[in-house]
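The structure appears right after this line, and notes come after that.
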Amino acid sequence: MCGIAGYVGQRNAVDVVLDMIKRLEYRGYDSTGIAFPVDGELRILKRAGKLSELKAVVDDENPSSHQAIVHSRWATHGAPTDLNAHPHYDHGARIALIHNGIIENYIELKEELVRHGHIFQSETDSEVAAHIVGQEYQEGVPLEEAVRRAVKKLRGAFAFVVVSVDEPDKVVCVRNASPLVIGFGKDGENMVASDITAMLPYTKQFAILENDMVAVVTPDGVKVTNLNGRPVDLETFEANYDVKSAEKGGYDHFMLKEIHEQPDVVRQCLAGRLSEKTVTLDGLFSDHVWQEIDRVNIIACGTAYHAGLMGKYLFEKMLQLPTDVHFSSEFRYGEPILSPRSLAVFISQSGETADSLAALKLCQQHRIRTLGIVNVVGSSIAREVDKVLFTQAGPEISVASTKAYVAQAIVLMLLGIHIAQKKEMPGVRTADLVQALRNFPDAVQEALDLEGQMQEIAKKFADSSLVFFLGRRADANIALEAALKLKEIAYIPTQECPAGEMKHGPLALIDQGTLAVFGATDKEIREKLVSNIKEIQARGGHVLALTGNDDDSLDKIAEDVVKLPPCDDPYLDALVSIVPLQMLAYYMAKERGCEIDQPRNLAKSVTVE
Ligand code: AGP
């Protein structure tokens, strides 16, 4: 998730866009860059690292211009380096482009351009887009027409802002899935940015640019057309957010914002990785290695560990591949059995967790193949592992992990299908699983519609002194993650375990009115779960059951029932249940007046032992 912004008008555009991008830094960045025309040339300055690195370079030149674009990069293709930073320019350096999103067909386009003599400076998909626009611009058409023609060749999610040295009073922008907002200034200035946060000091008048709309932003106004050049109207609105609430997209906390981002996060996580009936993961081990691997060790902490448990469930059920999941802090001091034919998988949102890094080094000492499932590109774990799969969830600001967990579980499913393809396992119905993944973002969206029901239940149980989280098989893994959310942000003690374990001790904790949350998406062992529910109720417990909306078998049994969208796969059926449970934890914490985004005693990344 990158930050992009552009300005054209009476002020010094360089100062304005540097101020705008500062307000987008919550979107995360590992490099920044700026482009502006000066003395008939397109000046492009870009630096890896913090915004202050770029600012120092710009201050040295102290430039002035009435048109500028700026970018803060959250790397997806290529590490955070000066060369990979945006803006990117075309073959003839007549245009500069900044991009937020992922272009799925950039490899084939790049190969074609190289065959026609194009030379590339970076590893990014964005630079390919700049060359495509530049190629169309060579025809002498206006910049907006070059953008319209170029976009028709691209597949994926993107928002572009483009400038040309030949048209210094114009900023052209277009989007498909990635966000872009137009800001209408007063006194001959207009602007565009990833969201309104960046523009609030300059205007309160905005319009959301819709998909496949191309906007020409000049000091005199904004003209919008569709991809065929036909004019379309923009619906403007006034926003009176303050900057802080705007960074949260109008939500009260980053956690709730990130919960609601999950449908798009799953789309981003899947982007470029699904073909018609297969999974396409580039840059992993060669085929013979996958044939050889006969055991997986997943190593992680906290929420990432819980995602690892989902991986174990999946790899053993789908691939019959023995899989162990280890707490990094235990693994690094234990005596792990590490066979040369095993694969060590490190799951980490931050990529900087000290225990996971130490465990990784232990595996490297034993010359074990390592694969990372990481969110932060350029992080230590991402750089150290042999191979890495990025979750592409965008920056996760709230300490309590939500969207990263779902993205980790999705990447594990992609990896499982990839291994099935490499091991040529005919029993794995790859095409059906790929279709279920394609449909999953919509299921997550439907699960978000349960927010009102979860708020009501949260009100009822916010004063709980103990909450049970129970389930069987994949639902048991979800129970652990749901319990951690509640502990972390509402500071409510929880008891979580496989439902069949209750009788072996935890049942003693059930008291009159104790809330017991049952994940009940697994239909195969339903009657076992029903007897566990009755054991709780017989001792005064209050049962909240989460099950598919095609299943009414618990309607007359549990006190509260949450109905989930079926996902055509038991792994995804269980995974989607974490969405209402994230909201349950959030609203119970809110009822209790907790801090939520920065819970007491906790840090977003535990970079010390
Ligand atoms: C989860 O909500 C917590 N923030 C914590 O358990 C976290 O998952 C754990 O510290 C691992 O962090 P990582 O994924 O960055 O390695």
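The values are calculated or read from the model by the stated rules, or taken from the named source; none is laboratory data. Note that the coordinates shown come from a computational prediction; the quantities given were computed from them, not determined experimentally. Virtual Cβ from ideal backbone geometry, glycine too; neighbours counted across all protein chains shown.
Structure data summary
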read-out: Residue list for the stretch 279-325, restricted to those being within 19 Å of Leu437 (Cβ to Cβ), surrounded by fewer than 17 Cβ atoms within 10 Å (Cβ to Cβ) and of a type in the set (Val, Ile, Thr); value: Thr280
read-out: Residue among Ala56, Ala68 that alone is over 14 Å from Ala129 (Cα atoms), among the hydrophobic types (A, V, I, L, M, F, W, C) and in a strand (DSSP E or B); value: Ala68
read-out: Residue ranges of helices (runs of 4 or more DSSP H) in the stretch 324-426 with at least 2 members within 10 Å of the ligand (Cβ to nearest atom), at pLDDT 95 or above and at positive phi; value: none
read-out: Scope the stretch 148-172; condition out of contact with any Cys (no Cβ under 8 Å at 6 or more places or on another chain) and in a strand (DSSP E or B); matching residues; value: Gly156, Ala157, Phe158, Val163, Ser164, Val171, Val172
read-out: Whichever residue in the stretch 6-19 is over 20 Å from Asp220 (Cβ atoms) and in contact with a helix residue (DSSP H, G or I) (Cβ under 7 Å, 6 or more places away or on another chain) and, among such residues, is surrounded by the most Cβ atoms within 10 Å (Cβ to Cβ); value: Val14
read-out: Residues (crowded, with 21+ Cβ neighbours inside 10 Å and either more than 16 Å from the ligand (Cβ to nearest atom) or more than 16 Å from Ala307 (Cα to Cα) (or both)) located in the stretch 474-494; value: Ala474, Asp475, Ala476, Leu486, Glu488, Ile489, Ala490, Ile492, Thr494
read-out: Options Val161, Val192, Val217, Val174; residue that is touching a helix residue (DSSP H, G or I) at 6+ places or on another chain (Cβ under 6 Å), among the aliphatic types (A, V, I, L, M) and closer than 18 Å to Leu97 by Cα; value: Val174
read-out: Selection count, the stretch 570-609, where residues are on the phi > 0 side of the Ramachandran plot and away from the ligand (no atom under 13 Å from the Cβ); value: 1
read-out: Residues satisfying the stated conditions in the stretch 333-353, i.e. under 20 Å from Thr391 (Cβ atoms) and surrounded by fewer than 24 Cβ atoms within 10 Å (Cβ to Cβ); value: Ser350, Glu352
read-out: Close pairs from the stretch 147-171: first free of Cβ contacts under 8 Å to residues at least 24 places away in the same chain, partner surrounded by fewer than 23 Cβ atoms within 10 Å (Cβ to Cβ) and not in a loop (DSSP other than H, G, I, E, B), Cβ under 7 Å, at least 6 apart; value: Arg149/Glu136; Ala150/Glu136
read-out: Neighbours by Cβ (under 6 Å, 6+ apart or cross-chain): first from the stretch 296-307, under 17 Å from Glu496 (Cβ atoms) and of a type in the set (A, V, I, L, M); second within 6 Å of the ligand (Cβ to nearest atom) and in a strand (DSSP E or B); value: Ala304/Ser348
read-out: Boolean, Val296 is more than 16 Å from the ligand (Cβ to nearest atom), modelled with pLDDT of 95 or more, more than 29 Å from Leu484 (Cβ to Cβ) and hydrophobic (A, V, I, L, M, F, W, C); value: no
read-out: Boolean, His288 is assigned to a helix (DSSP H, G or I) and either more than 16 Å from the ligand (Cβ to nearest atom) or among the acidic types (Asp, Glu) (or both); value: yes
read-out: Test: residue in the stretch 113-124 that is touching a helix residue (DSSP H, G or I) at 6+ places or on another chain (Cβ under 7 Å), under 20 Å from Arg73 (Cα atoms) and acidic (Asp, Glu); value: no
read-out: The stretch 173-195 - residue that is under 11 Å from Gly221 (Cα atoms) and outside any strand (DSSP E or B) and, of those, nearest to the chain's Cα centre (by Cα); value: Gly185
read-out: Residue within the stretch 98-111 that is closer than 22 Å to Asn12 by Cβ and in contact with a strand residue (DSSP E or B) (Cβ under 9 Å, 6 or more places away or on another chain) present; value: yes
